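Let me begin by presenting the structure, written as structure tokens, before commenting on it.
The values are calculated or read from the model by the stated rules, or taken from the named source; none is laboratory data. Just so it is clear, the structure is predicted and the values come from calculations on it, not from any experiment. As a convention, Cβ positions derive from the backbone with ideal geometry for all residues, glycine included, and neighbour counts pool all protein chains shown.
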């Protein structure tokens, strides 16, 4: 596969050799070697947490060279980047996932922020800034005055400004991390055309994306990462969706997941026409036209990539974020006012959020206070908390869920992640629930606690609760759920039962590849 | 009941001793005793019954408003407007009295004004979502302006003797004001520590989003806290007018800072989620003893200010140090 192509020189200009990066001893990258050739687009794909972004942060100097093992070679020279500035000086420009632009500055100011050209006496040479901005805007195909304030531009145009800003450093290598995440389909199309043009101009690109359709369209080579390791790299001619997905998913042990025999009962939760408006872009919908049902004794898996709107969907039906007009949520046929968690909880819904530190527990409170937080009225008579009862309830849960803690008075932040998660679960189990929503319930939890959480889920559906589960860990989701709904681009892309489910089908729907490819 | 709950034999002694020493109020108690001793040695007149009652009476004003401020700070809120609202309450009651309102009705009128100011403060914070610091800072100016506009800047007097008695007389050897502060303190302590409402206040201060997602009606609770604080400020202002025998338009200037200082010295966390009424009582007492005592040992007022300022910083430092210790 090394024979010369029409482009002639296929020598790598950039090489990563045996890179290993650990966070607190946990490897995020294991012995990864990768190269980039002049004038190519090299796509990196993998599940969430596979190590793509970590790898690119090493390349861009965000992780200084003493924090990882392995070597970075650029044009035949070993590089030791100590800061993003070092990487920029060497010609590597990173365009970040979240736009790091200032909305109230002009295009030109954004492009040259921090390195505005200066003349005598240290004053900014605006004439030079504007003219150079104009040239860069032409290069990224943006027909706007450099004096336009950024806020007036569309997401796609802002993305182009970000790229122009990167090009202003006169790099030879561009790194794009999910550049289309905030763009609509047509905007993403235009961005990809532009990337192909830049490639024609001789820039080499690393391109990270979750969307396989984009990767298929523009990549010269595709590398799949999984669990911090490189699984495969294939040339354009060898690329196949089936193979990429297979490599992304891999095969894992099945014994972790306990089986169960529960026949789903009648519908307990019905969501109709749910939509969620975008929080900052007016008129844009994060989610629209979502309708789904959940039965008693059923675990419904909500799949999709990070950013597909899974958490927003459950938060909207729980009343934690504002749902759009026309949204209807029913519990056992009775409508639930979807504008406050208080109402949803009263109707029998519970939500375990994905980030327990941010909005799962209260760090200033102890275990018992965290457990009883959603059930204060159940342990109080006329507003007065029965503290003996509170303690008894908490002790009962500590035993039942085997929460490893010195006692109910121990601070919740003294617990391990798994035990914190079990405490949060106890908070909801204390209530008479009909529907429990679990958003990434096993994230940051040790294996033992994971298995325990799976058993607990089975026990709960056995008691005819309905569960909605969100997980980025495919094997977990596939093993635990009876039915699946896959979200992508703000809509339901696919819906199927356990019998019809496969990792491939799920990935296919989540990455939105046409089924005929 | 198989005994699994008692499987870990923890020494019953250690945690309780630790609890006493780590209790947030302890931060003030020892310096307070030390201070009292120091002042008493330099000037035994400090221990005279008159002076002690005087100290307690002054403490009561700070403490009454401090009750509301404690609850607000525990919920990670703040109210900077109370100094003006204090004057507004006193003048509203005074105004009603000069218009011939019966005494109880005049007092209720003053409290009603506080109720409304609190509703506006809380409403702006909760619904318009303007930061509490800005909202109550604005109200600090507006309420003072309102006092000056309605009184024309002139003190309201004379006030009826029955009203003055409220501030100047007492029962069982102690002024009414001290009894009122005591009753409010006991009630607030009960509410904060034993009721679901109090638990909600701590939860909101600890993590507002978690509290909301656990079904606590955050907006309602926050709104009510601003109203409680304002009502307490107008009550204290009314009592002050009764004590002085006239409603002064300029009273309570800088009072908000004194109250906040007392609450923080009393161990309430600046970051929300922790604090007690008992601590605030000790904080208010400490501040009053300090001021009273410094005058009694003839420290010049300008130096008093420097010392008070330093103590506030030290108290906040102790709070942060304690947080680090717990983590």
Mind listing whichever residues of the range A:453-473 are farther than 25 Å from residue A:398 by Cβ and crowded, with 20+ Cβ neighbours inside 10 Å?
A:466, A:468, A:470, A:471
Can you pull out every residue in the range A:313-352 that is out of contact with any strand residue (DSSP E or B) (no Cβ under 6 Å at 6 or more places or on another chain) and either under 23 Å from residue B:202 (Cβ atoms) or facing chain B (nearest Cβ under 10 Å) (or both)?
A:315, A:319, A:320, A:340, A:341, A:342, A:343, A:344, A:345, A:346
Which residue, of A:492, A:453, is modelled with pLDDT of 85 or more and closer than 30 Å to residue A:285 by Cβ?
A:492
Could you tell me how many of the residues in the range A:429-464 are in a loop (DSSP other than H, G, I, E, B) and farther than 17 Å from residue A:318 by Cβ?
8
Under the condition of being crowded, with 23+ Cβ neighbours inside 10 Å and within 22 Å of residue A:362 (Cα to Cα), which residue from the range B:258-271 is farthest from the other protein chains (Cβ to nearest Cβ)?
B:264
With more than 23 Å from residue A:456 (Cβ to Cβ) and either part of a strand (DSSP E or B) or modelled with pLDDT of 90 or more (or both) as the only criterion, which of A:363, A:394 stands out?
A:363
Which of the residues spanning the range A:213-233 are closer than 13 Å to residue A:43 by Cα and either part of a helix (DSSP H, G or I) or out of contact with any strand residue (DSSP E or B) (no Cβ under 6 Å at 6 or more places or on another chain) (or both)?
A:213, A:214, A:215, A:216, A:217, A:218, A:225
Restricting attention to the range B:203-221, and to residues there that are more than 20 Å from residue A:350 (Cα to Cα) and buried (at least 24 other Cβ atoms within 10 Å of the Cβ), which single residue is farthest from the other protein chains (Cβ to nearest Cβ)?
B:205
If I filter the range B:131-172 down to residues being within 21 Å of the chain's Cα centre (by Cα) and buried (at least 20 other Cβ atoms within 10 Å of the Cβ), which single residue comes out as farthest from residue B:250 (Cα to Cα)?
B:132
Qualifying positions in the range A:379-391 - surrounded by 15 or more Cβ atoms within 10 Å (Cβ to Cβ) and facing another protein chain (nearest Cβ under 10 Å)
A:379, A:380, A:384, A:385, A:390
Tally, over the range A:135-171, of residues that are more than 22 Å from residue A:189 (Cα to Cα) and assigned to a loop (DSSP other than H, G, I, E, B)
8
Looking at A:288, A:330, which is the one that is assigned to a strand (DSSP E or B) and over 25 Å from the mean Cα position of the chain (by Cα)?
A:330
Please find, among B:187, B:242, the residue that is under 21 Å from residue B:108 (Cβ atoms) and within 14 Å of chain A (Cβ to nearest Cβ).
B:187
Is there a residue being buried (at least 24 other Cβ atoms within 10 Å of the Cβ) and under 23 Å from residue B:295 (Cα atoms) anywhere in the range B:89-111?
no
Filtering the range B:188-245 for residues that are assigned to a helix (DSSP H, G or I) and farther than 28 Å from residue B:87 by Cβ leaves a count of 22
Output for the range A:353-368, where each listed residue is at the interface with another protein chain (Cβ under 7 Å from one of its Cβ atoms), crowded, with 20+ Cβ neighbours inside 10 Å and touching a residue at least 12 places away in the same chain (Cβ under 8 Å)
A:353, A:360, A:361, A:362, A:365
If you go through the range B:292-309 one residue at a time, how many are without any contact (Cβ under 8 Å) to a residue 60 or more places away in the chain and not in a helix (DSSP H, G or I)?
3
Being free of Cβ contacts under 8 Å to residues at least 60 places away in the same chain, exposed (fewer than 14 other Cβ atoms within 10 Å of the Cβ) and either more than 14 Å from chain A (Cβ to nearest Cβ) or more than 21 Å from residue B:201 (Cα to Cα) (or both) is the requirement here; does residue B:254 meet it?
no
Residues of the range A:393-426 that turn out to be at the interface with another protein chain (Cβ under 10 Å from one of its Cβ atoms), loosely packed, with under 15 Cβ neighbours inside 10 Å and over 30 Å from the mean Cα position of the chain (by Cα), as a count:
4
Restricting attention to the range A:293-311, and to residues there that are away from chain B (no Cβ under 14 Å) and under 12 Å from residue A:354 (Cβ atoms), which single residue is surrounded by the fewest Cβ atoms within 10 Å (Cβ to Cβ)?
A:306
